[in-house]
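A.B. asks: The following block contains the structure, expressed as structure tokens.
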Amino acid sequence: MPSNKAVILHSGGLDSTTVLAMALQQYAKEDIIALNLSYGSTHNAQERAAAEQVAKHFQVQHLPLDLPDILHGGASALTRELRMPGRSYKELQAQYGPSPTNVPFRNANFLSVAVTIAVTHQASEVWCGMHAEDAHNWAYPDCTPEFLGAFAAAVYVGTYHHVRLVFPIIWHMKTDKEK
């Protein structure tokens, strides 16, 4: 039976660090696992270093894991020697469909690993930093509320109602301020 623990998918970036700080408002620091997943991205080393520093700052457990190269492929500028798009974030958001930096089904894999960690550590929640800008115009299809809602339902049923997915900033833009 799960206890009052949470696994936070933590890249070390602003979104997941914000979510980690939010989780700390509900959980004691010793009840949080900051899970950092490396998947062959061109920036994983920098992310892992940042995630480790943030976990140390907040005094929570940092759990780094390396995933197999199943995500190292496709046509993503994050995992292949492809040129990064020379457009602003705003310009990328104006287009419809997957971003050139989309890694196909990455978040489904991340969430699956995080749920497995939650089950094995008797955690009742997995917190994630997906937000409205990631979902905008389907830039990252596995960040959309449609995908995440369906995945959350599958997780809840698949863990015999023991693990919930939590997306506290799913409806927010990066520029939104807490009210």
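A.B. asks: Taking amide H positions as placed in the peptide plane 1.01 Å from N, state which residues far from LEU165 in sequence (5 or more) or on other chains have amide H under 5 Å from it.
C.D. replies: For LEU165, the qualifying residues are VAL126.
A.B. asks: In whole Hz, with x marking every Gly and Pro, tabulate ³J(HN,Hα) for the stretch 122-127 from phi via Karplus 6.51 cos²θ - 1.76 cosθ + 1.60, θ = phi - 60°.
C.D. replies: Running phi through 6.51 cos²θ - 1.76 cosθ + 1.60 with θ = phi - 60° gives 6, 8, 9, 9, 10, 9 Hz.
A.B. asks: Another one. Does the stretch 121-179 come out rounded, prolate or oblate by the C-alpha gyration tensor, with a ≥ b ≥ c the root eigenvalues, rounded set by a/c under 1.5 and, if not, prolate when a/b is larger than b/c and oblate if not?
C.D. replies: Taking the square roots of the gyration eigenvalues as a ≥ b ≥ c, the stretch 121-179 is oblate.
A.B. asks: Could you sort the peptides 18-29, 122-133 by per-residue average Cβ neighbour count (10 Å cutoff), highest mean leading?
C.D. replies: So the peptides 18-29, 122-133, ranked by packing, come out 122-133, 18-29.
A.B. asks: Leaving out ligands, DNA and RNA, and with a 1.4 Å probe, what % of the accessible surface on the stretch 103-179 is carbon or sulfur?
C.D. replies: Carbon plus sulfur share of accessible area: 61 percent.
A.B. asks: Given H placed on each backbone N at 1.01 Å, which residues far from SER38 in sequence or on other chains put an amide H within less than 5 Å of it?
C.D. replies: Close amide H contacts, sequence-distant or interchain: LEU65, ASP66, LEU67.
The values are calculated or read from the model by the stated rules, or taken from the named source; none is laboratory data. Computed from a predicted model, the values in this text were never measured in an experiment. No Cβ is skipped: glycine too gets one built from the backbone with ideal geometry, and neighbour counts run over all protein chains shown. These area figures cover heavy atoms from the full protein model, side chains too; ligands, DNA and RNA do not enter into them. Shrake-Rupley method; radii C 1.70, N 1.55, O 1.52, S 1.80 Å.
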